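Enquirer: After the structure tokens below, expect a handful of questions from me.
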Amino acid sequence: MDNIFGKRLRETREERGISQVLLAKAIGVSKGIVSLWENGLREPTLSNLVALADFLGQSIDYLAGRTEY
């Protein structure tokens, strides 16, 4: 299965110069959870997905691979 969410999460985070640790602290999860998401081993809950999108300034649809922008 293609891990579009993990790829887009990592790309967006890195483009903004945000570490996994900073992202994790900002949304209230562990750094390990962020790593699992980026590597396609776990999927975020809806509330975490909303928090990610808000913090990163990106749409949920983009992160989930539903749109190109």
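The values are calculated or read from the model by the stated rules, or taken from the named source; none is laboratory data. A quick note: this is a predicted structure, and the numbers were derived from the prediction, not measured. Neighbour counts are summed over all protein chains in view; Cβ atoms, including those assigned to glycine, are modelled from backbone coordinates with ideal geometry. The protein model used for the area step is the full one, side chains on, heavy atoms only, and it has no ligands, DNA or RNA in it. Shrake-Rupley method; radii C 1.70, N 1.55, O 1.52, S 1.80 Å.
Enquirer: Please enumerate the residues belonging to the range 5-35 that are small (Gly, Ala, Ser) and either under 15 Å from Asn48 (Cβ atoms) or touching a Leu at 6+ places or on another chain (Cβ under 8 Å) (or both).
Expert: If the condition is that a residue be small (Gly, Ala, Ser) and either under 15 Å from Asn48 (Cβ atoms) or touching a Leu at 6+ places or on another chain (Cβ under 8 Å) (or both), then Gly6, Ala24, Ala26, Gly28, Ser30, Gly32, Ser35 are the ones that fit.
Enquirer: Looking at the range 34-52, which of its residues are assigned to a helix (DSSP H, G or I) and surrounded by 18 or more Cβ atoms within 10 Å (Cβ to Cβ)?
Expert: Val34, Trp37, Glu38, Leu49, Leu52
Enquirer: Any idea how many residues of the range 4-18 are touching a helix residue (DSSP H, G or I) at 6+ places or on another chain (Cβ under 8 Å) and in a loop (DSSP other than H, G, I, E, B)?
Expert: So the count comes out to 2.
Enquirer: Additional query: In the list Ile33, Ile18, Ile4, Ile27, which residue meets the criterion of being modelled with pLDDT of 95 or more, touching a Gly at 6+ places or on another chain (Cβ under 7 Å) and of a type in the set (A, V, I, L, M)?
Expert: Result: Ile4 is the single residue among Ile33, Ile18, Ile4, Ile27 that is modelled with pLDDT of 95 or more, touching a Gly at 6+ places or on another chain (Cβ under 7 Å) and of a type in the set (A, V, I, L, M).
Enquirer: Give the residue that is nearest to the chain's Cα centre (by Cα), with candidates limited to residues of the range 1-30 that are charged (D, E, K, R), open to solvent by 30 Å² or more (accessible area, probe 1.4 Å) and over 14 Å from Leu41 (Cα atoms).
Expert: Glu11
Enquirer: Something else: Only residues in the range 45-69 that are without any contact (Cβ under 8 Å) to a residue 12 or more places away in the chain and among the hydrophobic types (A, V, I, L, M, F, W, C) count as the first member; pair them with residues that are surrounded by fewer than 12 Cβ atoms within 10 Å (Cβ to Cβ) and outside any loop (DSSP other than H, G, I, E, B), Cβ under 8 angstrom, at least 6 apart or cross-chain, and list the lot.
Expert: Here the result reads none, with nothing in the range 45-69 linked to a residue that is surrounded by fewer than 12 Cβ atoms within 10 Å (Cβ to Cβ) and outside any loop (DSSP other than H, G, I, E, B).
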